[in-house]
1. Show the residue pairs meeting these rules: Cβ distance below 6 Å; 6+ apart or different chains; first residue within the range 52-64 and under 10 Å from Arg31 (Cβ atoms); second residue open to solvent by less than 40 Å² (accessible area, probe 1.4 Å) and of a type in the set (A, V, I, L, M).
2. Scan the range 23-51 for residues that are open to solvent by 70 Å² or more (accessible area, probe 1.4 Å) and in contact (Cβ under 8 Å) with a residue 12 or more places away in the chain and jot them down.
3. Do the conditions hold for Asp10, that is, is it of a type outside the set (Gly, Ala, Ser), exposed (fewer than 15 other Cβ atoms within 10 Å of the Cβ) and touching a residue at least 24 places away in the same chain (Cβ under 8 Å)?
4. Where in the chain are there helices (runs of 4 or more DSSP H), lying fully within it, with 3 or more residues that are modelled with pLDDT under 90?
Amino acid sequence: MLLSPGLKPDKSDILTMQAIYRNDVVSEYIRETRRRLCLGRTEFANLLGMNSSGERTVRGWETGEHNPS
């Protein structure tokens, strides 16, 4: 459960907020790295040696749908 106004956060609230923050940081790092290299998502995926679905994977990383492993 996310924090309700006026209540102190419990451990699960804190862990949830930390996970959201980390996910945002990873997403932003990937997006900015790709843009700094002046690459589209498909080109970036190819640079990383990904297969034909690489563009979709990079998009998922950038939108926070999932994280790289």
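The values are calculated or read from the model by the stated rules, or taken from the named source; none is laboratory data. From a predicted model like this one, the values you see are computed outputs, not experimental measurements. In this analysis, Cβ positions are derived from the backbone assuming ideal geometry, glycine residues included, and neighbour counts consider all displayed protein chains. All accessible areas refer to the heavy atoms of the entire protein, side chains included, with ligands and DNA or RNA removed. Shrake-Rupley method; radii C 1.70, N 1.55, O 1.52, S 1.80 Å.
1. Matching pairs, first to second residue: Val58/Ala45; Trp61/Ile30; Glu62/Ile30.
2. Asp24, Arg41, Thr42
3. On the way: of a type outside the set (Gly, Ala, Ser): yes; exposed (fewer than 15 other Cβ atoms within 10 Å of the Cβ): yes; touching a residue at least 24 places away in the same chain (Cβ under 8 Å): no.
Taking the combined requirement at face value, the residue does not satisfy it.
4. Working: elements: 11-36, 41-47, 54-63.
Where helices (runs of 4 or more DSSP H) fall fully within the chain and carry at least 3 residues being modelled with pLDDT under 90, they are 11-36.
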